[in-house]
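These notes are about the structure you will find just below.
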Amino acid sequence: MPTAMQCDTSHLEQISRQVRRWIVRCTFEAGSGHPTSSLSAVELMVDLLFGGHFRFNLDQPDHPANDRLIFSKGHASPLYYALWAAAGKIEPDDLLSYREFGSRLEGHPTARFSLTEAATGSLGQGLSIGLGMAMVARYLDKSPSRTFVLLGDSEMAEGAQWEAIQIASHYKLDNLVGILDVNRLGQRGATMYGHDLDSYRKRIEAFGWRCVLIDDGHDNDQILHAFDELNADHGGSDRPTMFIAHTIKGKGIPSLENEGGHHGKPVDEDDVDEILAGFGAANEQIRGTIPPPILYQPDPPASRQAERIDYEIGDTVATRDAYGNALLRLAAKFPQMVALDGEVCNSTRTKRFRDELPARFFEMFVAEQNMVGVATGMALRGKMPFVSTFAAFLTRAFDQIRMCPYSDAAVKFVGSHCGVSIGRDGPSQMGLEDIAMFRTIQNGVVLYPCDAVSTEALVNAMAEYEGIAYLRTTRGKTPVIYDNDESFGIGGSKVLRSSDDDHVTLIAAGITLHECLAAHATLADRGVRARVIDLYSIKPLDHATIRRAADETPLLFTVEDHFPEGGIGEAVLTSLSDHATPVNCLAVRKRPISGSPDDLLEFEGISAASIVDAVERCRCTTQ
């Protein structure tokens, strides 16, 4: 690697001037964007990419040894795109399509621009994603790749940043490099620590990172000398590195430098020509050189056939146990599968995977936001991460979850301890919002198995699905009702009880499916014929089966251990929005309390006895 003394800093200065021109021009043409936030990090990023420290094959973006660059401060996208223009991967004229409808150069980077490593813009997520990529390189692929993350000082107030910082140190990721752009100004004024670099250093060093201060983040010599630290021998400390740079927001435009009130605003039309002239003569053809990655090619792991599912009908097995069994059983079939858990693997049942395949298990501790960010980074580097924790705790990480689709990150989520049926732990542990949450994810899948066989089959289905998927598991044991060879496809359902002249249809999944089966037996004794549907795929929904039931029975009931908002009932109501058959939704409507599972199902009106009472009351009023 060249050192600072070997680099042509005059060429880097010329690139920086042209990058500034592109930033101002593209945001001016768009009439929106964040030029001042981009201008503060120009030298930091130009010197990184074209100063000899960033290794990347421009013709092979997926090269396994490529370094990775993530803009956690995604609003600095004008700088991001201008850098790739300087690298020759974007035509300068294309920069003028920035933020236009249909342009791949969106306001904040997404996977629509192919060189984007991860979608960012919701602040505080980039470091976690970079952490996941660095973990893949070090622990799974054994790659020399490094991950660089540009951070803004405003986003250092996010708790997710500190989750990532402490776990990066725990995993000794010396291939993870943060570059903190301390430009002092946030959206509405000064940041928490302003230009006090030492405050950032003390806090980050306390978590075990190596910090390098850059007193002038616009001085090429200082920056390059600092980056030389990456190649220095520090005695195998295995510490991640954070460069902390003093920069000026709006650098290069004297009237805007270090001045508040300009965040997210392009320059004025009256000033644009003068500002561009201040950068010197345009040089649209200037290009920087990025050195190639180290020669490296991993051996792809081989896929082997998974063992058969082996349960007996009538056995009682918690679906969370079946999930743990499935992960381990399918590990051979899906060699890129990895498991992440939030310090509850003995409860989620990923412990078996951890104990037998420790190299593919990553403890993320009680830091769910970072866990999802790490999983996103791993997915983007070709792994198949299964993220497991209590369903209730996944709500903390919904921001990270909702961003996954914009990165095309096919993360698999499994939430245990769902509903009031967990019993005495009480409402803080009860996942009652998770179906609604995951139903909002575009093209996401939501699955809720009722027994061990369906759980194992659906874990396999979600592994094969090329997208985000969520599976809900139950804490208590439920009877096995399916044969081992029963098939379960995404978007399907199972009609378990039916006749040619059913009076009512009961639709449920998971724990309440068994309550519906018990209610069916009681209703049959009273002369009421009930159809029972196992709606194990909540999204996508089996619309054909639901509509057939609505056509053939005068009453429909949905029964779920979940709040009514956004759950199974609303999914069925949406499917039947143009249908005359009424849908009655039995769900968790009272404030949950501690108690036995049976008491709580009864208390919430979703037990077998409650279902029978609701059906009989409804039939009396409609006859």
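All of the numbers you see were taken from the coordinates with simple rules; none came from a lab. These figures come from a predicted structure and were not determined experimentally. We place every Cβ from the backbone using ideal geometry, glycine too, and count neighbours over all the protein chains shown.
The simple spin-label model puts a point 7 Å past each Cα toward its Cβ; for residue 484 and residue 142 those points are separated by 3.6 nm.
Here the Karplus curve 6.51 cos²θ - 1.76 cosθ + 1.60, taken at θ = phi - 60°, turns the phi angles of the range 202-210 into couplings of 4, 5, 6, 4, 4, 8, x, 8, 8 Hz, with x standing for Gly and Pro. With a simple spin-label model that places each label point 7 Å from the Cα along the Cα-to-Cβ direction, the separation between residue 265 and residue 359 comes to 5.7 nm.
Among rounded, prolate and oblate, which fits the range 532-601 when a ≥ b ≥ c are the square roots of the eigenvalues of its C-alpha gyration tensor, a/c under 1.5 means rounded, and a/b larger than b/c means prolate? Prolate, because a/c is 1.5 or more and a/b exceeds b/c. I want to make sure I understand the PRE zone here: with the label point 7 angstrom from the Cα of residue 187 toward its beta carbon, which residues in the range 71-87 have backbone N atoms less than 16 Å away? Within reach of a label on residue 187: 73-77. Annotation: amide H of residue 478 within the under-5 Å range of 317, 318, 319, sequence separation 5 or more or interchain, hydrogens built in the peptide plane. Applying 0.36 nm per residue to the separation of residue 521 and residue 101 and subtracting their alpha-carbon distance, the gain on full extension is 145.5 nm. Any chance you could count the Lys pairs in the range 9-278 whose alpha carbons are under 30 Å apart, treating pairs 8 or more apart or on different chains as valid? Total qualifying Lys-Lys pairs in the range 9-278 comes to 17. Shown in residue order for the range 427-439 are the 3J(HN,Hα) couplings computed by the Karplus curve 6.51 cos²θ - 1.76 cosθ + 1.60 at θ = phi - 60°: x, 5, 9, 8, x, 10, 10, 5, 4, 4, 4, 6, 5 Hz (x for Gly and Pro).
Shape analysis of the range 494-622 places it in the oblate category; the axes a ≥ b ≥ c from the Cα gyration tensor give an a/c of at least 1.5, with a/b not above b/c.
Per-residue 3J(HN,Hα) values for the range 485-491, derived from phi via the Karplus relation 6.51 cos²θ - 1.76 cosθ + 1.60 with θ = phi - 60°, read 8, 5, 9, 9, x, 4, x Hz in sequence order (x marks Gly and Pro).
Starting from the Cα of residue 477, draw a straight line to each of the lysines and keep only those under 28 Å, dropping any in the same chain fewer than 8 residues away. Filter leaves 333, 351, 412, 494, 539, 590. Hey, quick one: spin label on residue 273, modelled 7 Å out along Cα-Cβ, who in the range 19-51 has an amide N within reach, i.e. under 20 Å? In the range 19-51, the label zone of residue 273 (backbone N under 20 Å from the point 7 Å along Cα→Cβ) covers 21-31.
Taking amide H atoms as placed 1.01 Å from N in the peptide plane, the amide H of residue 68 lies under 5 Å from those of 146, 147, 148, each 5 or more residues away in sequence or on another chain.
With viscosity set to 0.890 mPa s and temperature to 25 °C, compute the Stokes-Einstein D of the range 316-479, Rh being the Kirkwood radius across alpha carbon pairs; µm²/s, no decimals. Numbers along the way, then the final one.
Values: Rh = 15.2 Å.
Translational diffusion coefficient: 161 µm²/s.
Helix-only estimate, please: 222 nm mean residue ellipticity of the chain, summing -39500 (n - 2.57) across DSSP H runs of length 4 or more and dividing by its residues, to the nearest 500. List each step's numbers first, then the result.
Working: 22 runs with 215 residues, N = 623.
Rounded to the nearest 500, it is -10000 deg cm²/dmol.
Using a Förster distance of 41 Å, how high is the FRET efficiency between residue 195 and residue 91, based on the Cβ-Cβ distance and rounded to 0.05? Kindly include the intermediate steps, with their values, before the conclusion.
On the way: r = 37 Å, r/R0 = 0.90.
Computed FRET efficiency for residue 195 and residue 91 comes out at 0.65.
In whole angstrom, note down how far apart the Cα centers of the range 495-550 and the range 314-347 are. That distance is 29 Å. Relative to one another, the C-alpha centroids of the range 106-136 and the range 578-623 are positioned 44 Å apart. Of the options (i) 25.4; (ii) 26.4; (iii) 36.0, only one is Kirkwood radius over Cα pairs in Å as computed from these coordinates, and that is (ii).
Taking Cβ atoms as reference points and 15 Å as the exclusive limit, the residues near residue 529 contribute a net charge of -2, counting Lys and Arg as +1 and Asp and Glu as -1.
Run the numbers for residue 60 and residue 594: contour at 0.36 nm per residue of separation, minus the present Cα-Cα distance, in nm.
Extending this stretch completely gives an extra 186.6 nm.
In this structure the amide hydrogen of residue 384, modeled in the peptide plane, comes within under 5 Å of the amide hydrogens of 337, 338, none closer than 5 places in sequence on its chain.
Distances over 28 Å make up what percent of all Cα-Cα pairs in the range 9-278? Distances greater than 28 Å cover 29 percent of the Cα pairs.
Between the helical axis of 9-30 and the longest alpha-carbon principal axis of the chain there is an angle of about 50 degrees.
Against the chain, whose longest principal axis is taken from its Cα atoms, helix 608-622 shows a tilt of about 70°. Each Lys or Arg adds one and each Asp or Glu subtracts one; over the other residues with Cβ under 13 Å from the Cβ of residue 259, this totals +3.
For the range 181-237, rounded, prolate or oblate, judged on the Cα gyration tensor with a ≥ b ≥ c (square roots of eigenvalues), a/c < 1.5 rounded, else prolate if a/b > b/c? Verdict is oblate for the range 181-237.
So if each residue of separation counts as 0.36 nm, and I subtract the Cα-Cα distance between residue 232 and residue 622, what length gain in nm does that give?
Numbers: separation 390, 0.36 × 390 = 140.40 nm, distance 8.08 nm.
Fully extending the segment from residue 232 to residue 622 adds 132.3 nm.
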